[in-house]
Amino acid sequence: MKILIATEKPFAKIAIDGIRKIVESSGHELHLLEKYTDVSQLISAVADADALVVRSDKVTKQVIDAAEKLKIVVRAGAGFDNLDLDACTGKNIVAMNTPGQNSNAVAELVLGLMIFMNRNKFNAGTGKELKGKKLGIHAYGNVGRLVARIAKGFDMQILAFDPFVKKETIQADGITAVDNVEDLYSNCDYVSLHIPANNETKKSINYKLLNLMPQGGCLINTARKEVIDEDDLIKLLENRTDMKYVTDVAPSNIAELQQKFDARIFATAKKTGAETAEANINAGLAAANQIVNFFKNGDTTFQLNK
Ligand code: 3PG
């Protein structure tokens, strides 16, 4: 079988070496398409691939339609808003992600970004400590859980909201589970976003919600830019000169934000949450193993389009 890894943002070499071992020792062929700059390159590479591994690369209907032999596509990572699941289902292609494999890398970055903003982006001036402050975890999935665990080490008070996780599960981790999203934002000095981008969540982080945050509030976004109402974010930072926004997924209006509120906003140059050797290895090897097991014994664990 031809297994294609198509990554506009490539895996670390050590991860590719591991993936190659898994793929070739099972009798498959590994093909790489890295740092491609145009979707036409992905379309021609996928034409005769039996399996496809991507990161945030967009697997659209156009890509799926071009894939004559494709049987499985694995998003090496958590968020699968880049996969057209209906297109996959329409062609009987199994779509999977690798949940949890890069979560620790993202969670560590959250704490790093919080400290960076608390210390005036490492510029001169009096900063703040995390100790004793209230941190709101918006969605208690793999990343949210780890952020909470690490933040406990900083002696933060932690609250969480997730309509899909039982309150008892959250409370069992020693975290205050709040009843609604408004309670989370009203009560927290920091809110860390861990919601996926889908029809329900897009633009859901709006002025009304963010304006509930107490004086000096800071929003941390290592999730997806689409969940933010970007016009509202500008309005908020204009009206609330106390608030800060730090993100690993730069909004479309980043230039305007930087120009207007440079001291209170920060965006990484490119999404960097999963950019650790460990996360690349975990997610990359998991993707390779999932594909090998799918071909070997039809294993569809982590299938998204069931
Ligand atoms: C994910 O959803 O797994 C993260 O956002 C990481 O995405 P990346 O593989 O594009 O870095």
* Any idea what the relative contact order of region 103-267 is, in percent, if you count C-alpha pairs under 8 Å spaced at least 6 apart? -> 20
* Asked: Among T272, T222, T169, which one moves the most in a GNM of the chain with springs linking Cα atoms closer than 10 Å?
  -> T169
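Of the listed pairs K58/K306; K61/K296; K2/K225; K21/K58, which have alpha-carbon separations greater than 24 Å here?
Details: K58/K306 20 Å; K61/K296 27 Å; K2/K225 34 Å; K21/K58 26 Å.
From K58/K306; K61/K296; K2/K225; K21/K58, over 24 Å: K61/K296; K2/K225; K21/K58.
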* Asked: What angle do you read, to the nearest 10 degrees and between 0 and 90, between the alpha-carbon axis of helix 103-118 and the longest principal axis of the chain?
  -> 30
* Highest-MSF residue in the chain out of Y245, Y190, Y36 [GNM, Cα springs under 10 Å] -> Y36
* Place a +1 charge on the Cβ of each Lys and Arg in region 103-267 and a -1 charge on the Cβ of each Asp and Glu, then give the dipole magnitude about the Cα centre in debye, rounded to the nearest 20. => 360
* Rel. contact order, % - alpha carbon contacts under 8 angstrom, at least six apart, the chain -> 19
* **Helix-only [θ]222 nm of the chain, DSSP H runs n ≥ 4, -39500 (n - 2.57) each, per residue, nearest 500** => -11000 deg cm²/dmol
* Using a Gaussian network for the chain with springs between C-alpha atoms less than 10 Å apart, which of these wobbles most: D50, D231, D189? -> D231
* Asked: What fraction of the DSSP beta bridges in the chain is antiparallel, stated in percent and rounded to the nearest 5?
  -> 0
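Is region 4-57 best put as rounded, prolate or oblate by its Cα gyration tensor, with a ≥ b ≥ c the root eigenvalues, rounded for a/c under 1.5, and otherwise prolate when a/b is larger than b/c, oblate when not? Walk me through the intermediate numbers first.
Numbers: a/c = 2.74, a/b = 1.35, b/c = 2.03.
Oblate.
Going through the cross-link list K121/K152; K71/K202; K9/K271, which pairs have a Cα-Cα distance over 20 Å in this structure?
Values: K121/K152 23 Å; K71/K202 30 Å; K9/K271 10 Å.
Beyond 20 Å between Cα atoms: K121/K152; K71/K202.
Evaluate the charge dipole of the chain about its Cα centre and quote only its size in Debye, nearest 20, assuming +1 on the Cβ of each Lys and Arg and -1 on the Cβ of each Asp and Glu.
Taking the Cα centre of the chain as origin, the dipole is about 460 debye.
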* Degrees, to the nearest 10: 277-297 long Cα axis against longest axis of the chain -> 40
* Asked: How far is helix 142-153 tilted off the main Cα axis of the chain, in degrees rounded to 10, range 0 to 90?
  -> 40
* To do: With label points built 7 Å along Cα→Cβ from the Cα atoms of T301 and E200, find their separation and express it in nm.
  => 2.6
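A short reminder: the numbers here are calculations on the coordinates, not readings from a lab. All of these numbers come straight from a predicted model, not from anything done at the bench. Virtual Cβ from ideal backbone geometry, glycine too; neighbours counted across all protein chains shown.
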